[in-house]
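Here is the structure we will look at.
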Amino acid sequence: MKLTQFFLATIKEAPSEAEVVSHQLMMRAGMIKKLGAGIYTWMPLGVRVLRKVEQIVREEMNAAGAVELLMPVIQPAELWQESGRWDKMGPEMMRVKDRHDRDYIVQPTSEEVITDIARQDIKSWRQLPVNFYHIQTKFRDERRPRFGVMRSREFIMKDAYTFDVDKASLMKSYQGMYDAYSKIFTRLGLEFRAVNADTGNIGGFASHEFQVLAESGEDLIAYCPESDYAANVELAEGVTPAEPRAAASAKLELIATPGQKTCEDVSAFLKLPLKKQIKAMMYMTDAGFVLCMLRADHMVNEVKLGKVPALANYRPASPEEIEEYLGVEPGYCGPVPRHGSAHPGKVIVVADRTAAAMADFVCGANESGYHVAGANWGRDCAEPDVIADIRSVAEGDASPDGKGTLKLRRGIEVGHVFALGQAYSAKLGATYLDKDQKQQVMEMGCYGIGVTRVVAAAIEQNHDAKGIIWTVAMAPFSIAIAAVGYDRSAEVKAAADKLHDELTAIGIDVLLDDRGERPGVMFADLELIGIPHRITIGDRGLKEGAVEYQGRRDAAAIKVPVADVVAYARAVLAD
RNA sequence: CGGGGCGUAGCGCAGCCCGGUAGCGCGCCUGGUUUGGGACCAGGAUGUCGUAGGUUCGAAUCCUAUCGCCCCGACCA
């Protein structure tokens, strides 16, 4: 491809609305163009990258035994009413009407349609298992689209759906997709982790997210460098401390802490580490007023709270309710009873596993302006009513698999595999006849890759001050030729054209910068758009029969004899 | 949806307080000089000042409404 025949529109300054590097660089490189909030046009350069990603996804899906089909973007409401998601989905699902005033949706995903296909066309156990996938436009009316194509409303997703005879077979299909995803992200050259994920309210029984590690990620994942343990922080287990609770050694004392409301205040005021303190979080739940106790440096995990029976349907308690149940204002609350309560004995104490194992701790005294020190469970207050894992794990915590300590990294979720079970197949009646001629409900799995998001995630992970750095697998062009003086030197033009034709002939995606621009302009553009390899041809080098090669990450160029350059290019691309 | 902010040339911004009929940088066009790390000189084009009302002799500027966009918050590829 010659640059003058292509369409390249780079800009020096990124639009001010672009917050994250991937968005800024995609805009600057002219890969995407915004049409509306969370809606983008993929410009020619961007489409080339998108197609490379799609191709790798397609190859690996096919290799894993999945078959491609293509389901409509616009789907009739009836199917979604049948599955119950017409009501469940809420405003995130885009609804439209046709000329007959009939309801349709713009697909956010395709479980309904694929299950409808399965129930129509699959009748026998002999047809199972089967794995369908498509690469199709999705629309989710996000409450807050942001970060360019990282969280856009319209995006492209590869979604696959498996149908199996039973759970054991489903788990094989699931594992097959898990392995395929690992291959895909490895081929794309991404640093990623497959992490255990929350199965949420759909009620599936296995789920992993594929997270690309990047500082700008919206997810937090915990992993263990000494083992293969990795989980989303919303799920990662905070284990019970190995050391049992120490015996009480200190005397309970009341300490005046006027105006010291936060744990940090108290910690500084008493010159005591946060780890010696317990903090209180108050909630109203179906069971009544709940006082949650955590070590002061730990963070409550709201996903975990929701799973504790005593905290069913919890909401933060109001200051009035706290006053009513504990007889004190927020900031001085604790498990040690002191002042009168309008509901004596009606406070349910839920302690985190770590907090429950502490002795001689500091906490609120349930009296305004006072804390207590040397407090102990069972001596100064009752043992907790419930001990549960209610905090988010922190860096340095013991790994739940007992093989070391956890580290935390931010991640961008680019893929998700989910063993669904019969949630959709039962609702829509996707059944088959087994060997004993009995009707059975199919077991389903669903598997997604955010194709457009993968592009942004790759940039988040691979860029420098000059711009994007693509791997050859994703690059819009594998190699660029910067022809210095293309417009005025017949020798340069001839050499550059010849190299361009030769590389093209052996199937290499080459971009020849034939604009006749000054070298600085060419280099800056080619670096910004991230072409992994560059060959510079100029009069200066040609005089000694050489061109220059420079990798996108290399600090300097090296000379290559003109005669060897095709072989050289082939060699660097093979690495 | 709740809270904050912004809409002026393709992009980045100034002008608004204190009304007087729109400007800067980049980019773009023409000509010339340049040509190995985003060149220089000269000339030039481009604006419903988000939209609609209102106040006023006069509105980018003040008032009202409306639309759009961005940022911070209860979950998705």
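Along the axis of the charge dipole computed for chain A (Cβ charges of +1 for Lys and Arg, -1 for Asp and Glu, origin at the Cα centre), the listed residues A:G516, A:L428, A:Y283 are led at the positive end by A:G516. Listed by chain and number, the lysines placed with their C-alpha closer than 20 angstrom to that of A:K304 are A:K279, A:K407; residues fewer than eight positions away on the same chain are left out.
Label positions at A:A242 and A:L270, each projected 7 Å from the Cα along the C-beta direction, are separated by 2.8 nm.
To the nearest 500 deg cm²/dmol, what mean residue ellipticity at 222 nm is calculated for chain A from DSSP H runs of n ≥ 4 alone, each contributing -39,500 (n - 2.57), summed and divided by the residues? My calculation for chain A gives -7500 deg cm²/dmol from helical runs alone.
The packing ranking, built from the mean of other Cβ atoms within 10 Å per residue, places the peptides A:443-450, A:419-426 in the order A:443-450, A:419-426, highest first. Using a cutoff of 8 angstrom between alpha carbon atoms and counting only pairs six or more residues apart, the relative contact order for region A:477-574 works out to 30 percent.
Only Cα pairs under 8 Å and 6+ residues apart enter the sum, and on that basis the relative contact order of chain A stands at 17 percent. Taking max minus min of the alpha-carbon positions on each principal axis, region A:1-117 gives extents of 51, 39, 28 Å, largest first.
With every protein chain in place and a 1.4 angstrom probe, the accessible-area ranking of A:L503, A:L235, largest first, reads A:L235, A:L503.
Taken along the Cα-to-beta-carbon direction at a fixed 7 Å, the label points for A:R126 and A:K346 span 6.8 nm. Of all DSSP bridge pairs formed entirely within region A:477-574, close to 45 percent run antiparallel. Of the peptides A:287-294, A:100-107, the order by per-residue mean of other Cβ atoms within 10 Å, starting with the highest, comes out as A:287-294, A:100-107. For the residue pairs A:K271/A:K403; A:K158/A:K466; A:K52/A:K172; A:K34/A:K158, alpha carbon separations beyond 25 Å are given by A:K271/A:K403; A:K158/A:K466; A:K52/A:K172. Averaging 1/r over every pair of different alpha carbons in region A:253-392 and inverting the result gives a Kirkwood radius of 14.7 Å. Counting 0.36 nm for each residue step from A:K403 to A:D103 and taking away their Cα separation leaves a gain of 102.6 nm. Per-residue surface analysis assigns A:E237 an accessible area of about 70 Å², computed on protein heavy atoms at 1.4 Å probe radius.
Straight-line reach from A:K498: which lysines have a Cα under 17 Å away, not including same-chain ones fewer than 8 places off? Here the lysines satisfying the reach criterion relative to A:K498 are A:K2, A:K543. Reported value for chain A: 215 Å³ per residue, from the convex hull of its C-alpha atoms.
Computed over Cα pairs, the Kirkwood radius of region A:477-574 leads via Stokes-Einstein (1.567 mPa s, 4 °C) to a diffusion coefficient of 99 µm² per second.
Peptides A:244-254, A:558-568, ordered by how many other C-beta atoms sit within 10 Å of their residues on average, highest first, read A:558-568, A:244-254. Full extension of the chain segment joining A:E78 with A:E191 gains 36.5 nm, where the gain is 0.36 nm per residue of separation less the Cα-Cα distance.
The values are calculated or read from the model by the stated rules, or taken from the named source; none is laboratory data. It should be emphasised that the depicted structure is a prediction, and the values quoted were computed from it without experimental measurement. All Cβ positions, even for glycine, are placed from backbone atoms using ideal geometry, and neighbour counts span all protein chains on display. Side chains are part of the model used for accessible areas, which takes the heavy atoms of the whole protein and leaves out ligands, DNA and RNA. Shrake-Rupley method; radii C 1.70, N 1.55, O 1.52, S 1.80 Å.
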